[in-house]
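Here the structure comes first, spelled out in structure tokens, and everything after it is commentary.
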Amino acid sequence: MFKTKKEIVFIILAGIFITNAIVAELIGGKLIHIGPFVMSMGIVPWPIVFLTTDLINEYFGEKGVRKLSFITAGLISYSFIILLVAINIPAATGISPVNDSQFSAVFGQSMWIIVGSIAAFLISQLIDVSLFWYLKKRTGESKIWLRTTGSTVVSQVFDSFIVLGIAFWLPGKIDTTTFISSALTGYTFKLCVAVVLTPMIYLGHHWIKKYLSTE
């Protein structure tokens, strides 16, 4: 089915990328406490998206990440459309273990959350890939940590504030103080995880390079 090992690597990375991005959007409506602070549950799978983004950037280039980002945004939109259809089809009374109100409470995210999620995803991804290649052109193949962490540091500022701003602050679901503290908490969490995952970037590079070298 696949002609080269590089194609296999891309399919695996793209699958991990798309799965985590969609799951993050679906669970993003739940707000959780991190100590005294509040952040979206959707942030939890996001570090895996960082990891796969950086690996795809390294081996498949800027165009590869851009195309995959637009495809993923389309699939996120498709997922919300399917959920909208599912919400509007009545559950089998007395048979379905999940009734309509329960299903809607979990998956019935408002239009603001959908718009905020997709906008934040696309904008942050495009900023991330642009900055990644800006740094790589100036550092060459060395300093992987700089371009992976550096691009995340900047792009996730936009992601953290855009998604909460559109989804929760603009429609008045949270006040300005909660909005700023939640965005900063989410950003700090993603930044810390990105730093912790830096060794995984190097490990991923090692595995992929070793796997492709046998072809």
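Things to note:
- Backbone N under 19 Å from the Glu141 label point (7 Å along Cα→Cβ), restricted to the range 39-66: 54-62
- Per residue, in Å², the accessible surface of the chain once ligands and nucleic acids are set aside, probe 1.4 Å: 53
- The range 59-98 versus the range 146-215: alpha-carbon centroid distance in Å: 22
- Between Ser101 and Ile11, the contour length at 0.36 nm per residue exceeds the Cα-Cα span by 28.7 nm.
- Qualifying GluC sites (Glu not before Pro) for the range 1-95 [loop in DSSP, other Cβ within 10 Å: at most 11]: none
- The calculated pair-distance distribution of the chain uses every alpha carbon pair, bins of 10 angstrom beginning at 0, and gives 8, 32, 32, 19, 8, 1, 0 percent.
- Taking every DSSP helix (H) stretch of at least 4 residues in the chain, weighting each as -39,500 (n - 2.57) and dividing the sum by the residue count yields a mean residue ellipticity at 222 nm of -26000 deg cm²/dmol.
- Cut-off under 5 Å, modelled amide H: who pairs with Ile34 long-range: Met39
- Rg to Rh, two decimals, where the range 103-196 supplies the alpha carbon set and Rh follows Kirkwood: 1.08
- Descending semi-axes in whole angstrom, ellipsoid equivalent of the range 26-84, from the Cα gyration tensor: 26, 19, 6
- Mean sequence separation of contacting Cα pairs (under 8 Å, at least six apart), scaled by the length of the chain, corresponds to a relative contact order of 24 percent.
- The portion of the accessible surface of the chain made up by carbon and sulfur, rounded to a whole percent, is 73 (1.4 Å probe; DNA, RNA and ligands excluded).
- 3J(HN,Hα) from dihedral phi, the range 157-165, Karplus parametrisation 6.51/-1.76/1.60, rounded to Hz, x for glycine, proline: 4, 5, 4, 4, 7, 5, 5, 6, x
- When only alpha carbons are used to place a centre, the range 112-133 and the range 12-57 end up 13 Å from one another.
- Stretched out straight at 0.36 nm per residue, the stretch from Glu62 to Ser77 would grow longer than its current Cα-Cα span by 3.1 nm.
- Angle in degrees between helix 111-139 and the longest Cα principal axis of the chain, rounded to the nearest 10: 10
- Charge tally around Leu203: other residues with Cβ under 15 Å, Lys/Arg +1 each, Asp/Glu -1 each, net 0.
The values are calculated or read from the model by the stated rules, or taken from the named source; none is laboratory data. Nothing here was measured: the structure is a model prediction, and the numbers come from that model. FYI the Cβ positions are ideal-geometry reconstructions off the backbone, even for glycines, and counts take in every protein chain you see. Just so you know, the surface numbers come from the protein's heavy atoms only, side chains and all, with ligands and any DNA or RNA stripped out. Shrake-Rupley method; radii C 1.70, N 1.55, O 1.52, S 1.80 Å.
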